[in-house]
Amino acid sequence: MNADQRPEPVERAALLAQLPAPAERDLPAGRHALHRELLMSHIGLTPPATRAEGPPAGPRLRRRLAFSVVGALAAGAAVGGVVLYDQATAGPLNSSELAGWTARPTPVDISKGRGASTVKWCLEGMPDDGGPTTVTNADLRGKVASMVVSRGGTTVLCYVTSNNKGLSMVTDSAQTVAHDAITYDTGGSHGSGSATFNYASGFVGSGVKAVSLTVQDRTFEVTVEKGRWTAWWPGKAPVGKEGLLDTATLTLDDGTTRTVSGSSMFRR
């Protein structure tokens, strides 16, 4: 074959066969299982302390659509975060649990009772690399406790009912934003009909002391701690590219307030 000639298909296959196989890229040990477990809704499972080994009794995988930051750009979803929509199935929070939702969250003591059991539930399935465990944004709205749990290099956002059923997802670790700013990180919608609920979380600057959200004519407080905000609420799923949040009203450390649009919270 001359240098200016292209190899025939058979010759090309022979040349490719001589090349070394590309090195396989893989996630760290245990991370496959982590992503699988944390992107499952724990529906109908027994409490963590008594969960039996082997295949689950009922369906665990929930049909959902997830966008990474790159995928969000291509699909026209929210930039700068992950948006999950799961409107095809009921749960993991049922309508009676959602009915107890409150516009103002109650702080939860993670050393005992619901707080301690929720921490245990969230840690299940996370890799135990010996790193320290930290918990922020622990609150209770009616029958549902929520919190952000970090261990080692993994951070999860959890929503857990009083009978140890719920939802957890991987989220970003702490991020620094401007002193008086708020950003959106992740959120979505799950369930259907009267069992539909929505969640959202993100980051705030060091000068932001409190935040309230307005979503579909509903205004409520969010939990703010150590530069992170979290919230969830019942109701129909959002519509549109950035329809999850309408506005956010920030109370700053100097006592002033300012309101920003939901779309401005997405990192560009």
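Only the coordinates and a few stated rules stand behind these numbers; no lab work does. All of these numbers come straight from a predicted model, not from anything done at the bench. Virtual Cβ from ideal backbone geometry, glycine too; neighbours counted across all protein chains shown.
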request  = Calculate the spin-label point distance for residue 103 paired with residue 260, positioning each point 7 Å from the Cα along the beta-carbon direction, and give it in nanometres.
outcome  = 2.3
ask   = So, by mean Cβ neighbours within 10 angstrom, what's the order for 249-257, 141-149 with the highest one leading?
value = 141-149, 249-257
ask   = Going by the alpha-carbon gyration tensor, a ≥ b ≥ c the square roots of its eigenvalues, is the stretch 118-177 rounded (a/c under 1.5) or, if a/c is not under 1.5, prolate (a/b greater than b/c) versus oblate?
value = oblate
request  = Report, ordered by chain and residue number, the lysines lying within cross-link reach of residue 209, taken as a straight Cα distance under 18 Å and ignoring same-chain residues fewer than 8 apart.
outcome  = 226
task = Could you work out how far apart the two model spin labels at residue 116 and residue 216 are, taking each label as a point 7 Å from the Cα in the direction of the beta carbon, and quote it in nm?
result = 3.7
query = Quick one: 110, 182, fewest Cβ neighbours within 10 Å first, how do they rank?
reply = 110, 182
query = Which of 165/236; 120/165; 112/143 have a Cα-Cα distance over 18 Å?
reply = 165/236
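Decide, for the stretch 145-242, between rounded, prolate and oblate: order the square roots of the alpha carbon gyration tensor eigenvalues as a ≥ b ≥ c, take rounded if a/c falls under 1.5, and otherwise choose prolate if a/b is larger than b/c, else oblate.
Taking the square roots of the gyration eigenvalues as a ≥ b ≥ c, the stretch 145-242 is oblate.
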Distance in nm between pseudo-label sites at residue 134 and residue 209 (7 Å out along the Cβ direction from Cα) = 2.3
